[in-house]
Structure formats: C-alpha cells, structure tokens
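Any read-out appearing in this document is the output of simple, stated calculations on the displayed coordinates, not a laboratory observation. The structure presented is a predicted model; accordingly, all values stated were derived computationally and were not measured. Cβ sites come from the backbone with ideal geometry, for glycine too, and all protein chains shown count toward neighbours.
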Amino acid sequence: MTDSASTSKVDASFSQLLSRKPTNLWQDAWHRLLKNRASVLGMCVIGFFALLAIFAPVIAPYTALAVPLPSNTLRQAAWVNTGNPATTGDWRFPLGTDTVGHDVLSQVIWGARTSMVVGFIPMVLIITLGTIIGLISGFAGGWVDNFLMRLTDVVYAFPDLLFFIIVMSALRDTPIGALLNGLFLLFAALSIVNWVGVARLVRGQVLSLKEKEFVEAARMVGASNARIMLRHILPNSLAPIIVVAAFLIPGAILTEAFLGFIGLGIRPASDPSAIFQTSWGMLLLWGKDAIRGQPWLLFAPAICIALIMLSFTFVGDGLRDALDPMMKGTN
C-alpha cells in the first residue's frame, strides 16, 4: 500500500510538471522579480513619481512659478504654528512657501518631472551609444576593437564630475545651453562620458558569445554580420544591460541634483506654461539659503531624491538576481 501510494504521488507530481506551460528566461525573471518585496516596493515608488511627473499640471495645486499671495513668503508647513500669522502654516500650502511666495509642494511635484526625465533620457542615450560601440568592438576585433577600446580608455580617464562642471559652466549661457532650459546640454554632458562602462560590458558579453554554437550555426546558414549581432548576440546580452540601465537612472538624477545645488543645473524657467519649470536640484539650492526660515524647501526635495534613488537601487538589485541564469528554476 505504501509503495503504491508513493508511486501515485510521483505520477501525480510528474503529470503536474508536464502540464505546466513552458516559460522562457524573461517570464521566469519577471516572476522572480515579483517575489522580491523590496523590488516591488521600489517599482511602486517609481510608478508614483512617474505619475507625478506626467500629471504634474493636474496634480499640483499651482504651477511652480505661480505666486498665489505676493506677501505669503517663507510660510511654514501646514502643521507648524509659529505664533505669527504671517509664517504659521496654512493648509492651502501644505509644505509652506519659499522666499518669493511659491508653493513648495507644487515645486516638488513639478521638479519630479524634470528629475525623472533627467534620469531616463540620458540612460537611453548612454545604453544606446555604449551598446553600439561594445557590439562593434567585440564582434569586429582586430584594429577596430583596439581603436574603440583605446577611445574608451581616454574617455574613461576623464573625471566625470569635472567634465559636467566644465560643460555646464562654459555653455550654460549659450544658445545650446538655453535649449529646454538647459536640459539638452545636461543630457549631452551625461551621455558623452558615461557610456564607457556599458561599452566595456557589452564587449565582454560579445566576446563570450560570438564563438558559441548558435552563432556558428547562424554563420553556416549565411546570416550577415549585422543580423548575427542584432538577432543572436544582442538579445543574449540584454540581461546585464538591463541591470546596468536600472543603476544609471539614479546616478543621473543625483548628478542633476548636485549640479543644481551648486547653481549649474537647468536654467530657471520664466514661462508659466513651460514643460520643465524647476528641478529638485534647484530646490536644494534655494532651500540651503532658506533652511532656517523654511526647512521644508530643502527637506522635501532631499527626501524625494533619497526615495527615488533607494527605489531604483532596490529594483536594480532585484533585476540582477532575477536575470541571473543560476537562479532559473528556483522559487
């Protein structure tokens, strides 16, 4: 009876295993990512800030440049009672106002739009440039590989932060620096020097993949080099690229915040209908000068930057574990 029951259980388990729908690496990775609570929490926080950025004109009580009450300056957060009617908190301005009378909550919401864009667009440019150079270098080999890697070494040797400061200082007041209130120049500065890590990573992946059996089989059937790179090698290199992309975004946001804090970030907007009116880095600069009179002008953007960076770190760690081939088949 015992042997028969055991056999029945084994048969049932085997039948259940056979009845499962086949999955691929990406489906398995997605399921593992969803089981990582920290990553899910990070994605929820990122989604929240993304919604703030997209719907800032609808969600924010005022535009970032609006001055609802001209004499309403340096008002404390709504829950603070200073004993002075001019500075005591008012729930019309939940986080208070700045030295001009702008609503701090509205500025933080509008700043999310700038900071999220600064995170994602340079990431796309960096990943695209680094992937192209890494693919060509690793696949071509020879003098092409040597030339591209020496170029990579030269760019890598230049200090990133110094480059950002020089570019933003020298070109900020030029027509190029005026495009999108300085965002175009910031995108370019972030992309020019940050692609080298991606290029080296992709080159290493290509070198390990281009001699594999499936690549040789593609060559045997007459596939062109471009097809081999784009249809066979690149898809098998996406996992580490995606992980790197998740870590590039918070780095770009922090760089923009630092440049804004030292006064070299985006240019202050003057048009109330502008798409990008302020940034968290700019708010940090203003909050530093007003920290005694209105601490939330500094604390609010600092908390937002910390939350978004921590969230992307959680998601990046989760992606690294989820896309690890050694984790396939584990619960």
Computed over the Cα atoms of the range 18-132, what is the convex hull's projected area averaged over all directions, in nm²?
-> 12.0 nm²
Using the membrane-span-like helix rule (whole DSSP H runs, Cα extent along the own axis of at least 18 Å, mean Kyte-Doolittle hydropathy at least 1.6), which helices of the chain qualify?
-> 37-54, 104-140, 238-261
The range 248-331: trypsin sites (Lys or Arg not before Pro) in DSSP coil with no more than 15 other Cβ atoms inside 10 Å = 292, 328
Electrostatic dipole magnitude of the chain [Cβ: Lys, Arg +1; Asp, Glu -1; Cα centre; debye, to 20] | 400 debye
Once Lys and Arg get +1 and Asp and Glu get -1 on their Cβ, which of 156, 318, 69 lies farthest toward the positive end of the dipole of the chain?
-> 318
Measure of compaction for the range 111-206 (Cα Rg per 2.2 N^0.38 Å) | 1.20
Name the most mobile residue of 219, 200, 32, meaning the one with the largest mean-square fluctuation, in a Gaussian network model of the chain with Cα contacts below 10 Å.
-> 219
Assuming 1.306 mPa s and 10 °C, estimate D for the chain with Stokes-Einstein, Rh taken as the Kirkwood radius over Cα pairs, in µm²/s.
-> 69 µm²/s
How much of the calculated P(r) for the range 211-331 lies past 17 Å, in percent of all Cα pairs?
-> 70 percent
